[in-house]
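Trainee: Just passing along the structure, written as structure tokens.
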Amino acid sequence: MKKTQLFFLAGLCIFSLITMFIYILLWRQLSSKCHIQPQTPITRKFPKKPQMDEELHTLMKLTEWPLSPINTTLEFSTHPNTSTFSILQPRSTYVEGEKIEVFIIAKDHKGHKKSYGGDFFHAKLHSPSLKAGVSGSVTDNHNGSYTASFILQWSGETMVSIKLMYSSEAIAILHEKRETRPDKLFFHGFFVKNGTEEVVECNVDLPGQDVCEYYDVNNEEKWVCQRPQTLPCDAYRDHASGGFRDVFSKEEQEFFIKGLIDQELSTDIKPFNVLPQKDLSKVTKLCTSKLKNPNPSGFYYQDVWNSLVCSNQNFNDSNKVVKCLSGKMVYMFGDSTIRVWFEYLVKFVPTLNQIDLHVPPHGGPLLATDAENNYLVHWRAHQKPLRIGRTSIKELHYIATELDGLGPREGMVVVLNCWAHFATYPLGVYIERLWSIREAVIRLLERSPDTNVIIKSANTGYNFAFVNDWLSYQLDTVMRAMFSKLPVTILDTWQMTSCHREQEDLHPKKVIIKNEVDLMLSFICPK
């Protein structure tokens, strides 16, 4: 090859390399100017769940409540000291198994009978000496009167208790605040990066604010936090309770003073004696899934819960618990009212040892194993909103996501609940979360049909202006309806917490927790 040709080729190669080098420099410079690293997760419009439309309408109708006239003054609201009740068609003797009815008359502060309904009552029969109790059902007659129905479940001393939980006027306020002021409860988000920390407000939504948005594609849910002043949105590290806003006016607050909520009604009814019924049939069904909860679903006698759903057992010996759980994997997902079941089992069973996972106990995950008897018990808190101490957001998972991660396993038991932390939000927020959980339960049972799924109902005893039993009752009604067609077990802890002799409490006494756990174990080991 001639020298001139070699020089020409060499020059062409050099020119090409120089051109490529200049192109790379220009590309990098252009990229650095035009490509912006996103500070928030990509905004996504989730597809609407068409299956929910009809069901949402049905659920909203199911939870409709007769609301009082707008702007009713306090003196015209229901007062527990002037309202009364009496037994309809009273008799000299009563027999175990019979039904009795009580007539309630709601009156205002001046003693005038109300002309409309909507009050929220708790009704029960009880006997302090026998440590017995059973819930009654209350029917609103929509004219200021109510009818409470009871079935006499034991022989001996019996007393009637009717408590006004919230007046219809207070409920009208609760209803309005639930729909219009979900911001009455807020949370803190901790953003940390390069030694800098910022704490901002977070919630399901923060309308009109500059926010970081966090989407979960699988569950089609959003969580937002105020945008930090200096840190990027991907610096979101921890979650914690924030606080409560006082969204009630001075006039509205008067409807929630101590003497007007959760108060016994006065009556002339004295304790009466119930005669035994020799031929009274007992429940003999095994505690299996698909069983419906009658009303009442059970009663206490000598502090022991007697289920009217099935023939439940008492697990007074830890060895009986071990025998029941041997070879099983019990996965619990939910809030603190189900975490106490985990804690009870760990304390009650000597061979069940909790493993320190070095996480805060209020959020979990918590794990206990019994290697000798080959079983484990696991608990994890559900995803935000969640009122807890500072917890890594990585430790908070959606229940539906956790369920989708479970394969078909022999001896698997899934126990879940989800309600207490949603009571301050519009019903639609709760229904969306529950819909995802239910669909995940359906998928789980399709691939693992032998899995025992148990759903814990709400507890009573949650009585504050911003979150209370009426709000909880609405959520509990939704939950029961949404899972009613599935082959699952719904444990009626609502009645177990409302009719015991101990004062109602969101986190009940150990004697109630024991009965709840025993009922759960009865469904895990029906024989």
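The values are calculated or read from the model by the stated rules, or taken from the named source; none is laboratory data. Since we're looking at a predicted model, the values are computed, not measured. Heads up, the Cβs are rebuilt from the backbone with ideal geometry, glycines too, and the neighbour counts pull from every protein chain shown. Accessible surface areas use protein heavy atoms only, side chains included; no ligands, DNA or RNA. Shrake-Rupley method; radii C 1.70, N 1.55, O 1.52, S 1.80 Å.
Trainee: Taking square-rooted eigenvalues a ≥ b ≥ c of the alpha carbon gyration tensor, is the range 337-448 rounded, prolate or oblate, where a/c under 1.5 means rounded and, failing that, a/b exceeding b/c means prolate?
Mentor: It is oblate, given that a/c is not under 1.5 and a/b is not larger than b/c.
Trainee: At most 13 other Cβ atoms within 10 Å and a DSSP loop assignment: could you name the GluC sites (Glu not before Pro) in the range 230-317 that fit?
Mentor: Passing sites in the range 230-317 do not exist.
Trainee: Sticking with this one: Could you work out the mean projected area of the convex hull around the alpha carbons of the range 76-146, in square nanometres to one decimal?
Mentor: Over all viewing directions, the range 76-146 projects a mean Cα-hull area of 5.8 nm².
Trainee: Taking a 1.4 Å probe, which of 388, 257, 269 shows the most accessible area, and what order do the others take after it?
Mentor: Result of the area sort, largest leading: 257, 269, 388.
Trainee: Between the range 484-527 and the range 130-174, how many Å separate their Cα centres?
Mentor: 20 Å
Trainee: Ok, one more. Just checking my list (1) 1.04; (2) 0.97; (3) 1.11 against Rg/Rh (Cα atoms, Kirkwood Rh) computed from this structure; which label fits?
Mentor: Only one listed value fits the structure, namely (3).
Trainee: What percentage of the solvent-accessible surface of the chain, computed with a 1.4 Å probe over protein heavy atoms, is contributed by carbon and sulfur atoms?
Mentor: Reported share for carbon and sulfur atoms: 55 percent.
Trainee: Further, regarding this structure: Can you list the chymotrypsin sites (Phe, Trp or Tyr not before Pro) in the range 451-527 that are in a DSSP coil and have 14 or fewer other beta carbons within 10 angstrom? Could you put the intermediate results ahead of the total?
Mentor: Values: sites: 462, 464, 466, 470, 473, 483, 494, 523; in loops: 462, 464, 466, 483.
Loop-located and lightly packed - 464.
Trainee: Same structure, new question: Just to confirm, what accessible area per residue do you get for the chain at 1.4 Å probe, in whole Å²?
Mentor: 49 Å²
Trainee: Let me ask another. Heads up, I need the accessible area for residue 57: 1.4 angstrom probe, whole protein in place, Å², nearest 10.
Mentor: 120 Å²
Trainee: Strictly over 18 Å apart at the Cα level, which of 61/184; 320/514; 131/320; 292/510; 282/323 would you flag in this model? Walk me through the numbers on the way to the answer.
Mentor: Details: 61/184 25 Å; 320/514 14 Å; 131/320 25 Å; 292/510 26 Å; 282/323 26 Å.
Checking Cα-Cα distances, 61/184; 131/320; 292/510; 282/323 exceed 18 Å.
Trainee: Classify the range 206-295 as rounded, prolate or oblate, taking a ≥ b ≥ c as the square roots of the eigenvalues of its Cα gyration tensor: rounded when a/c is under 1.5, otherwise prolate if a/b is larger than b/c and oblate if not.
Mentor: Oblate is the answer for the range 206-295, as a/c is 1.5 or above yet b/c matches or exceeds a/b.
Trainee: Of 101, 96, which has the most accessible area with a 1.4 Å probe, and how do the rest follow in descending order? Write down the numbers at each step before the final one.
Mentor: Values: 101 70, 96 35 Å².
Solvent-accessible surface, decreasing: 101, 96.
Trainee: Let me cross-check residue 157: its accessible surface, 1.4 Å probe, with only protein heavy atoms counted, in Å² to the nearest 10?
Mentor: Surface open to solvent at residue 157 totals about 70 Å².
Trainee: I would also like to ask the following. Please work out the Cα center distance from the range 409-446 to the range 258-286, rounded to the nearest Å.
Mentor: So the separation of the two Cα centres works out to 33 Å.
Trainee: Turning to a different aspect of this structure: Less than 15 Å Cβ to Cβ from residue 228, Lys/Arg counted +1 and Asp/Glu -1: what total charge do the surrounding residues give?
Mentor: That works out to -4.
Trainee: Here's something else I'd like to know. Rank 365, 430, 340 by how far each Cα sits towards the positive end of the charge dipole of the range 337-438 (+1 on Lys, Arg Cβ; -1 on Asp, Glu Cβ) and give me just the farthest.
Mentor: 430
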